[in-house]
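The values are calculated or read from the model by the stated rules, or taken from the named source; none is laboratory data. Because the structure is predicted, anything quoted here is derived from the model rather than measured. Because the Cβ atoms are built from the backbone with ideal geometry, glycine has one as well, and the counts that use them run over all protein chains shown.
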Amino acid sequence: MALSQTKLADQLVHLVPVGSEAEAIAHLATAWETYFSDATVALAPTTPGALAGAMSAFKGALVGLNLPNAGATKIQAAIQAFWSALELSASAVWIVPGGVVAPGAPPTTTSQVATRLAAQFLENVTKASDLPSAAQAVAAVLHGNGGLGGTVSVAIAPGAPSPVPVL
């Protein structure tokens, strides 16, 4: 498998309004984990259950999601926290010959997710986008700036580790 924008959109379109921030965080985290569970490195699949630490960091960074105008910023913070936590568990997440040395978030994760996401939220409202179209557009932003583009350093051959894309 590999990261799929369509799979992320399918997860987002099924999010429903909930009564508390904690429920919203849990549902959004489930959507992200379902999406990211298909990530591969050097053809190695994600090890089932190995994203737990990264998901805990993701959820923790979403606290405050319900505050006015906080959504895009909190989602960016969650994705950053997720990638940072992967540094601690990457060798268990992807089992590859030579071992995973260190993951690296997509370059736009730290600077552009919130800006692009806020713009997409506004566009979805301005255009009165239907739910499937809105979910697809948000998935495109998250997939292109928070999922795809990440790398891990893998010691494939003797010598310095080489960056390998997270797909």
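What to note about this one:
- Only residues that are assigned to a helix (DSSP H, G or I) and more than 11 Å from Phe82 (Cβ to Cβ) were counted in the stretch 39-68, giving 1.
- Checking Ala92, Ala54, Ala78 one by one, the residue that is under 18 Å from Thr34 (Cα atoms) and more than 17 Å from the chain's Cα centre (by Cα) is Ala92 and no other.
- Each residue in the stretch 13-28 was checked for being of a type in the set (Gly, Ala, Ser), more than 16 Å from Ala70 (Cβ to Cβ) and in contact (Cβ under 8 Å) with a residue 12 or more places away in the chain, and 1 pass.
- Within the stretch 57-85, residues that are on the phi < 0 side of the Ramachandran plot reach partners that are of a type in the set (D, E, K, R) and in a helix (DSSP H, G or I) with beta carbons closer than 6 Å, at six or more positions or on different chains, in the pairs Leu62/Lys74; Leu65/Glu21; Leu65/Lys74; Asn66/Glu21.
- Residues of the stretch 30-48 satisfying the condition of being over 20 Å from Thr151 (Cα atoms) and buried (at least 18 other Cβ atoms within 10 Å of the Cβ): Ala31
- Of note, Phe58 satisfies the criterion of being at pLDDT 95 or above, buried (at least 18 other Cβ atoms within 10 Å of the Cβ) and more than 21 Å from Asn124 (Cα to Cα).
- Test: residue in the stretch 77-86 that is farther than 21 Å from Leu148 by Cβ and touching a helix residue (DSSP H, G or I) at 6+ places or on another chain (Cβ under 8 Å): no
The rows are residues; the columns are (1) in contact with a strand residue (DSSP E or B) (Cβ under 7 Å, 6 or more places away or on another chain); (2) exposed (fewer than 15 other Cβ atoms within 10 Å of the Cβ); (3) modelled with pLDDT of 90 or more.
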| residue | (1), (2), (3) |
| --- | --- |
| Ala50 | no, no, yes |
| Asn69 | no, yes, yes |
| Ala77 | no, no, yes |
| Gln80 | no, no, yes |
| Ala85 | no, no, yes |
| Val96 | yes, no, no |
| Pro103 | yes, no, no |
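- Ala31 being at pLDDT 95 or above and within 17 Å of Ala57 (Cβ to Cβ): yes
- Residue within the stretch 21-38 that is over 13 Å from the mean Cα position of the chain (by Cα) and either part of a loop (DSSP other than H, G, I, E, B) or charged (D, E, K, R) (or both) present: yes
- When residues of the stretch 95-106 are limited to those that are part of a loop (DSSP other than H, G, I, E, B) and closer than 16 Å to Thr151 by Cβ, the one farthest from the chain's Cα centre (by Cα): Gly98
- Out of Ala128, Ala160, sole residue that is surrounded by fewer than 20 Cβ atoms within 10 Å (Cβ to Cβ), small (Gly, Ala, Ser), over 19 Å from Gln11 (Cβ atoms) and modelled with pLDDT under 80: Ala160
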